[in-house]
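> First the structure, then my questions, so here it is.
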Amino acid sequence: MTVKISHSEHVQNFFKEASGFKNDEGSSRMKTVINRILVDTAKLIEDLAITQDEFWKAVDYLNRLGGRNEAGLLVAGLGLEHYLDLLQDAKDEQDGLVGGTPRTIEGPLYVAGAPISEGETRMDDGSEDRVATVMFLDGQVLDVDGAPIAGATVDVWHANTQGNYSWFDQSQSEYNLRRRIITDAQGRYRARSIVPSGYGCSPDGPTQEVLDLLGRHGQRPAHIHFFISAPGHRHLTTQINLSGDQYLWDDFAYATRDGLIGEIRFSEGAEAARARGVEGRFAEVRFDFQLQKAAVPTAEQRSNRPRALQEA
């Protein structure tokens with residue numbers, strides 16, 4: 001028979017003391033959050049009859065998770081980051097904030113401070129010219145009525161052909177495949193880059209360790225991340241998953257959403273390649289974004305979540 005004591009007055013008072021409720025220092029918000037974590041954890045231990053061995057294995061796991069900097073990967077893989085999007089969608093619907101391009105997860109691999117270009121740019125550094133397929137990415141930033149938004153910032157980043165991201169992958173040059181593009185008078189942005197590869201969780205990492213126990217893979221389809229912002233409009237955090245990928249609708253991070261499929265078209269013809277100034281096979285992706293109006297100035301800004309490298 002499982003012994004349950006978490007509901008007792010003695011234990012509840014003990015957790016209040018551990019949460020700092022018996023002093024006047026610190027943060028009342030943090031005290032409330034920590035107390036809830038302690039109470040709910042104790043209930044979980046009792047309800048599921050968690051053993052001492054299981055408890056300390058979990059503590060060890062958290063140490064290893066932090067040591068590999070995979071906490072952001074795990075919350076995506078367990079659907080918690082997608083849940084935050086679903087929750088915000090529900091709040092928006094309740095407030096009558098509808099329309100525009102869907103949001104989806106940011107992921108843990110953004111780096112601030114990418115080079116800024118007006119209208120168009122080249123994103124890759126040429127280091128994969130012999131192995132990569134050239135990709136031309138373009139589109140417009142519009143409001144919900146379809147009017148172009150000039151001067152919007154398209155902050156875009158994606159992986160290389162190995163599924164790796166610059167800054168995190170020290171073999172790549174600084175800000176490779178990361179750019180900020182300011183839209184022209186017609187709200188257009190254009191970029192030459194390379195077709196990215198999807199990636200998988202490290203097979204020996206703590207995230208994949210949990211996914212294995214859940215009977216799940218840790219693969220993502222090829223995708224391109226975006227922050228889209230413009231004065232007077234709500235900041236948009238989103239990404240497009242590229243069509244044709246085997247993991248398009250089986251993304252371990254649950255980022256694929258209706259309205260966020262980037263149709264990728266490959267061209268083989270020599271004449272089309274010459275017109276684009278390239279040789280051989282190339283790809284084209286067009287994707288337009290629609291931004292909602294910002295009801296309040298703070299809606300123009302992205303979240304203040306900690307990131308790998310913040311703006312100076």
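> Please check: in the Gaussian network model of the chain (C-alpha springs, under 10 Å), which one of Ala147, Ala159, Ala272 has the largest mean-square fluctuation.
Ala272
> Further question on the same structure: Please go through the residue pairs Lys31/Lys91; Lys31/Lys293; Lys31/Lys57 and name each one whose alpha carbons sit more than 31 Å apart in this structure. The partial results should precede the final answer.
On the way: Lys31/Lys91 26 Å; Lys31/Lys293 36 Å; Lys31/Lys57 26 Å.
Where the Cα-Cα span goes over 31 Å, the pairs concerned are Lys31/Lys293.
> Kindly identify segment 9-50 as rounded, prolate or oblate by the Cα gyration tensor criterion: order the square roots of the eigenvalues as a ≥ b ≥ c, call it rounded if a/c is under 1.5, otherwise compare a/b with b/c, prolate if a/b is larger, else oblate.
Working: a/c = 4.22, a/b = 1.97, b/c = 2.14.
Cα axes put segment 9-50 in the oblate bin.
> Can I ask one more? Can you list residues from other chains, or at least 5 along the same chain, whose modelled amide H is less than 5 Å from the amide H of Leu142?
Ile149, Phe289, Gln290, Leu291
> Among all helices in the chain defined by DSSP H, which have a length of 18 Å or more along the axis from Cα atoms plus a Kyte-Doolittle mean of at least -0.5?
Working: long enough: 28-47 (28 Å, 0.01); 52-67 (23 Å, -0.78); 80-94 (21 Å, -1.06).
Those that clear 18 Å and a mean of -0.5 are 28-47.
> I would also like to ask the following. Checking the a/c ratio against 1.5 first, then a/b against b/c, what shape does the Cα gyration tensor give for segment 74-300?
Values: a/c = 1.68, a/b = 1.03, b/c = 1.64.
It is oblate, given that a/c is not under 1.5 and a/b is not larger than b/c.
> Name the residue farthest towards the positive end of the dipole of the chain from the options Leu309, Thr51, Tyr254, assuming +1 on Cβ of Lys and Arg, -1 on Cβ of Asp and Glu, about the Cα centre.
Leu309
> If you count the DSSP beta bridges with both ends in the chain, what percent of them are antiparallel, to the nearest 5?
Values: 31 of 48 bridges.
That works out to approximately 65 percent antiparallel.
> Kindly put Met135, Met30 in sequence by how many other C-beta atoms sit within 10 Å of each C-beta, fewest to most. Walk me through the numbers on the way to the answer.
Values: Met135 22, Met30 11.
Ascending Cβ contact count within 10 Å gives the list Met30, Met135.
> Taking the number of other C-beta atoms within 10 Å as the exposure measure, put Thr104, Thr51 in order starting with the fewest.
Numbers: Thr104 26, Thr51 10.
Exposure proxy ranking, most exposed first: Thr51, Thr104.
> Return a whole-number percent for the relative contact order of segment 74-300, with Cα pairs under 8 Å and 6 or more residues apart as the contact set. Kindly include the intermediate steps, with their values, before the conclusion.
Numbers: 492 pairs, mean separation 59.6, N = 227.
Reported relative contact order: 26 percent.
> Return the distance in nm (one decimal) between the two label points of a simple spin-label model at Arg29 and Lys57, each offset 7 Å from Cα along Cα→Cβ.
3.7
> Step through the residues of segment 289-301 one at a time and calculate ³J(HN,Hα) from phi using the Karplus curve (6.51 cos²θ - 1.76 cosθ + 1.60, θ = phi - 60°), rounding each to whole Hz and writing x for Gly and Pro.
Going residue by residue, I get 10, 10, 9, 6, 5, 8, 6, 9, x, 5, 5, 6, 9 Hz, with x marking Gly and Pro.
> Moving to a separate point now. So how do Val134, Val111 line up by other beta-carbon neighbours within 10 Å, fewest first? Could the numbers behind the result be given before it?
Values: Val134 22, Val111 17.
By the 10 Å Cβ count, ascending, the order reads Val111, Val134.
Any read-out appearing in this document is the output of simple, stated calculations on the displayed coordinates, not a laboratory observation. Being a predicted model, the structure only gives us computed values, none of them experimental. Here the Cβ is made from the backbone with ideal geometry for all residues, glycine too, and neighbour counts use every protein chain on show.
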